[in-house]
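What follows is one structure encoded as structure tokens, with my remarks underneath.
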Amino acid sequence: MVVEKIFKDEATEEKGERARLASLIGGMAIADLVKTTLGPKGMDKILQSTGRGREVTVTNDGATILKSLHIDNPAAKILVDISKVQDDEVGDGTTSVVVLAGELLREAEKLLASKIHPMTIIAGFRMAAECARNALLQKVVDNKDNEEKFKSDLMKIAMTTLSSKILSQDKEYFAKLAVDAVMRLKGSTNLESIQIIKKPGGSLKDSFLDEGFILDKKIGVGQPKRIENAKILVANTAMDTDKVKIYGARVRVDSMSRVAEIEAAEKEKMKEKVDKIIAHGINCFVNRQLIYNFPEELFANAGILAIEHADFDGIERLALVTGGEIASTFDNPESVKLGHCKLIEEIMIGEDKLIHFSGVEMGQACTIVLRGASRHVLDEAERSLHDALCVLSQTVNDSRVLLGGGWPEMVMAKDVDELARITPGKKSHAIEAFSRALIAIPTIIADNAGLDSAELVAQLRAEHHKEGCTAGIDVISGSVGDMAERGISEAFKVKQAVLLSATEAAEMILRVDEIITCAPRKREDRM
């Protein structure tokens, strides 16, 4: 019996052992790639694009690194996805989640080599993950009711998050910035109302938090530089039609005076539009599009501050913070919602003039202005700060806190080990492997700091067999230290997300037993 090939010529398939190996190796390679960025002494990577302009990014944020890679291996793509989801969900732990999944795959490979079925391994991993989560749940601290303690928890979490990033030198300063910004949100996780503006120049220490909203624009000539009790109309409309500019239009006239008439009519039309806008009783008009000289002059005569060409992000956010809506037609003023703020004025940051809206409707709005030596530093600082803000805003809602520095992994590993001892059958091997994968995280943190990881992790494990132990790896002094004393804390939500996502991703990759790559579509020659 001859079996015909069922796939097209260029399609490939890999079966059984080979497919699984390809998946495992892909997953482990990705984990090894970001492994060195883990922990407070993690190194950065330079990502250079091959496109125009050869953009360079310097970062140690796991999600950013993985997002920029073009990967062929399907299993590696799964790991890139979980780091993206981790970044969107909780903001931090993007590297840890990939490293943990990679370690689980590494352990699974050894088990597969000793002829244990993937389903058995998966069942073991599931039990272990559940057990690890329960171990953490018993140890969480929740200071929601005590505001002082809760705020200090937030400070500790912010400092721990920032200590592995570029801002680690001034982490106290930035942690305070981030905590202040998040406290203003009063429990909402919408980071839209925290605006981050990057201005090159100065040092990172010159960054500051400003209540209110800053728009990166200059105030035009001959317009009021300061407005109190502003009523703001935010619009997205064309204010540049006082010249004939219908491209390719041919207008036939019998004399030059007719051209002048057309122009006069255009001007009149523009003037009507401006009058309609002024009829809203506003004293500040912000437009997404250009405003030509003529309407600008009309606004200036009416004592209205007109800001043109505000970027879309700025406009959306401005409407959100001032409580207005973006308008594009002006026929019935009563249906348009205006924005309000107490004061609009021009401020200087470095060399640039910006417009500052203070006393805005939405009290939780604020702007963080980042200063730094170069664009790359600023981009990385923004990513670091964004991670901290995400973690803090999640913690405000789910206020359970754990210690950091490899402590949660050791707590989980200890409980998972005990589970392995009492579980009969082959599953116990998988559960034991899970605990080894968890211990890999403190090992890597120590390795990245150039410490003797075998020695430290052995010490740490011994410490953890005592009751109520708070020991973790203290990379600064290079020894096992007390995490509670050092004030190294992490959010429970982040740890839980890392644990569950990594387990699920590893499980998904282990289930694979065949990889089919379809043939590329051929382009038909239409010649």
Among the listed residues ASP61, ASP72, which satisfies the condition of being open to solvent by 20 Å² or more (accessible area, probe 1.4 Å) and either more than 21 Å from HIS376 (Cβ to Cβ) or under 17 Å from the mean Cα position of the chain (by Cα) (or both)?
-> ASP72
Across the range 48-86, the tally of residues that are in contact with an Asp or Glu (Cβ under 6 Å, 6 or more places away or on another chain), touching a residue at least 60 places away in the same chain (Cβ under 8 Å) and not β-branched (Val, Ile, Thr) stands at 1
How about the range 389-430: which of its residues are of a type in the set (D, E, K, R), open to solvent by 30 Å² or more (accessible area, probe 1.4 Å) and in a helix (DSSP H, G or I)?
-> LYS414, ASP415, ASP417, GLU418, ARG421, LYS427
GLY324, sole failed condition from (1) without any contact (Cβ under 8 Å) to a residue 60 or more places away in the chain; (2) within 34 Å of the chain's Cα centre (by Cα) | (1)
Only one of (1) assigned to a loop (DSSP other than H, G, I, E, B); (2) touching a His at 6+ places or on another chain (Cβ under 8 Å) does not apply to ILE71, and that is (2)
In this structure, does VAL360 turn out to be under 30 Å from ILE65 (Cα atoms) and either open to solvent by less than 40 Å² (accessible area, probe 1.4 Å) or not polar (S, T, N, Q) (or both)?
-> no
Is it true that some residue in the range 93-111 is in a helix (DSSP H, G or I) and either surrounded by fewer than 16 Cβ atoms within 10 Å (Cβ to Cβ) or touching a strand residue (DSSP E or B) at 6+ places or on another chain (Cβ under 6 Å) (or both)?
-> yes
Among the residues of the range 68-89, is any touching a helix residue (DSSP H, G or I) at 6+ places or on another chain (Cβ under 7 Å), under 24 Å from LYS165 (Cα atoms) and of a type in the set (S, T, N, Q)?
-> yes
Given ARG523, ARG486, which one is in contact (Cβ under 8 Å) with a residue 40 or more places away in the chain, farther than 20 Å from ALA31 by Cβ and open to solvent by 80 Å² or more (accessible area, probe 1.4 Å)?
-> ARG486
Return yes or no: is GLU13 in contact (Cβ under 8 Å) with a residue 60 or more places away in the chain and either open to solvent by 70 Å² or more (accessible area, probe 1.4 Å) or assigned to a loop (DSSP other than H, G, I, E, B) (or both)?
-> yes
Could you please let me know if VAL480 is modelled with pLDDT of 90 or more, within 22 Å of LEU38 (Cβ to Cβ) and either open to solvent by less than 40 Å² (accessible area, probe 1.4 Å) or not in a helix (DSSP H, G or I) (or both)?
-> no
Residues satisfying the stated conditions in the range 16-40, i.e. surrounded by fewer than 19 Cβ atoms within 10 Å (Cβ to Cβ) and assigned to a loop (DSSP other than H, G, I, E, B) | THR36
When every residue in the range 445-464 that is buried (at least 17 other Cβ atoms within 10 Å of the Cβ) and among the polar types (S, T, N, Q) is compared, the one farthest from PRO40 (Cα to Cα) is SER453
Residues being more than 19 Å from the chain's Cα centre (by Cα) and surrounded by 14 or more Cβ atoms within 10 Å (Cβ to Cβ): count how many of those fall in the range 195-206.
-> 6
Counting only residues that are surrounded by fewer than 24 Cβ atoms within 10 Å (Cβ to Cβ) and of a type outside the set (Asp, Glu), which one in the range 77-90 is nearest to PHE492 (Cα to Cα)?
-> VAL85
Count of residues meeting criterion [touching an Asp or Glu at 6+ places or on another chain (Cβ under 6 Å) and under 17 Å from TYR173 (Cβ atoms)] in the range 372-395 | 1
What number of residues in the range 465-477 are touching a residue at least 12 places away in the same chain (Cβ under 8 Å) and surrounded by fewer than 21 Cβ atoms within 10 Å (Cβ to Cβ)?
-> 3
Could you check, for the range 272-293, whether at least one of its residues is over 26 Å from ILE355 (Cβ atoms), without any contact (Cβ under 8 Å) to a residue 40 or more places away in the chain and open to solvent by 30 Å² or more (accessible area, probe 1.4 Å)?
-> yes
Of the residues in the range 327-339, those that are of a type outside the set (A, V, I, L, M, F, W, C) and within 34 Å of the chain's Cα centre (by Cα) number 3
Within the range 142-194, residues assigned to a helix (DSSP H, G or I), closer than 20 Å to GLY372 by Cα and either of a type in the set (D, E, K, R) or open to solvent by 70 Å² or more (accessible area, probe 1.4 Å) (or both) come out as GLN169, ASP170, LYS171, GLU172, TYR173, LYS176
Considering the range 8-36 alone, what residues qualify as being among the basic types (Lys, Arg) and farther than 14 Å from ALA506 by Cα?
-> LYS8, LYS15, ARG18, LYS35
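The values are calculated or read from the model by the stated rules, or taken from the named source; none is laboratory data. These numbers were taken from a predicted model, which means no experiment stands behind them. Here the Cβ is made from the backbone with ideal geometry for all residues, glycine too, and neighbour counts use every protein chain on show. These area figures cover heavy atoms from the full protein model, side chains too; ligands, DNA and RNA do not enter into them. Shrake-Rupley method; radii C 1.70, N 1.55, O 1.52, S 1.80 Å.
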